[in-house]
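Worksheet: one structure, shown below.
Please treat every number below as a calculation from the coordinates, not as lab data. Just so we're clear, the structure is a prediction, and the values are computed from it rather than from any experiment. For neighbour counting, all protein chains shown are included, and Cβ atoms are generated from backbone atoms with ideal geometry for every residue, glycine included.
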Amino acid sequence: MSRDFLFLLGTTRPGGNTEALARLAAEQLPADVGQTWLRLDEHVGEPFRDVRHEGDGVYPAPLGGQCRLLEATLAATDLVIASPLYWFTVSASVKAYLDHWSAWMRVPGVGFRDRMAGKTMWAVTAHTAKDLAEVEPMLGTLRLVADYMGMRWGGELLAYGNRPGEAVAAPDVAVRAQNLFEVQPVAC
Ligand SMILES: Cc1cc2nc3c(=O)[nH]c(=O)nc-3n(C[C@H](O)[C@H](O)[C@H](O)COP(=O)(O)O)c2cc1C
């Protein structure tokens, strides 16, 4: 099965540590693996509203940036959540994106939940935590979301960095970034 990676940039500073880490890891993907890059803050649009228990609980098909996000999400085999660690968890745009999944599950004809099952989720994160236990709430959130949706967990790339450029400058990071997507073929 051919792989298509969707890199979802949940950063608030383009070219910052998280994006640099994600681009370093992506360099190792074989040429026949597709890559799509989207900045979440340019696409998440209006905040999710919970209308599940109003009327028929059906959501309309998303428009604009959210429609692009939905299409790209469904087209991907692998979702790479590239989020800086913000207050021990994902950034606001990543959270907004994940909240929209609740709407997309209820858009008639999409079959979102069935089509998400079997995809693989990855995490790429820059942080300033001295103790990696502080990154666990974020990783736990993403792993549980993946599990809830019947997705596989691919792995994570964590790197310490504060000022842009710091995360990829650490001696061990290049090797870890290069190894991130060296995965076994997905078992059928
Ligand atoms: C709003 C905000 C909240 C943050 N919260 C945390 C945190 O809880 N734990 C942590 O280790 N670093 C935290 N940081 C530091 C960032 O994770 C760090 O600077 C990272 O390199 C930013 O990634 P970027 O360069 O991709 O923007 C925070 C930074 C900001 C701006």
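Counting only helical runs of four or more DSSP H residues, what would the 222 nm mean residue ellipticity of the chain come to if each run contributes -39,500 (n - 2.57) and the total is spread over all its residues?
-10000 deg cm²/dmol
Given charges of +1 on the Cβ of Lys and Arg and -1 on the Cβ of Asp and Glu, with all other atoms neutral, how large is the dipole of the chain about its Cα centre, in debye to the nearest 20?
100 debye
Please give the net charge around Leu69, taking every other residue with its beta carbon less than 15 angstrom from that of Leu69, where Lys and Arg add +1 and Asp and Glu add -1.
My count for the surroundings of Leu69 gives -1.
Going by Cα centres, segment 25-96 and segment 161-177 are how many Å apart?
Segment 25-96 and segment 161-177 have Cα centres separated by 25 Å.
Please state, rounded to one decimal and in Å, the Kirkwood hydrodynamic radius that segment 97-147 gives when every pair of distinct Cα atoms enters the mean of 1/r.
Roughly 12.9 Å, rounded to one decimal.
With a 10 Å Cβ neighbour count serving as the proxy for reagent exposure, in which order, fewest first, do Leu142, Leu6 appear?
Fewest to most other Cβ atoms nearby, the residues stand as Leu6, Leu142.
How far, in nm, would the chain grow between Arg52 and Trp87 when pulled straight, counting 0.36 nm per residue and subtracting the alpha carbon separation?
9.7 nm
Express as a percent, rounded to the nearest 5, the fraction of DSSP beta bridges in the chain (both residues included) that run antiparallel.
5 percent
When the dipole is taken about the Cα centre of segment 41-98, and only Lys, Arg (+1) and Asp, Glu (-1) are charged at their Cβ, what size is it in debye, to the nearest 20?
Result for segment 41-98 is approximately 100 debye, rounded to the nearest 20.
Using the count of nearby Cβ atoms within 10 Å as a rough guide to exposure, how do Met105, Met116 rank from fewest to most?
Met105, Met116
State the extension gain, in nm to one decimal, for the chain segment bounded by Thr36 and Leu63, taking 0.36 nm per residue of separation less the distance between their alpha-carbons.
The Thr36-Leu63 span can extend by a further 7.8 nm.
Could you work out Rg/(2.2 N^0.38 Å) for the chain, with Rg from alpha carbons only? Kindly include the intermediate steps, with their values, before the conclusion.
Details: Rg = 16.4 Å, N = 188, 2.2 N^0.38 = 16.1 Å.
Computed over Cα atoms of the chain, the ratio equals 1.02.
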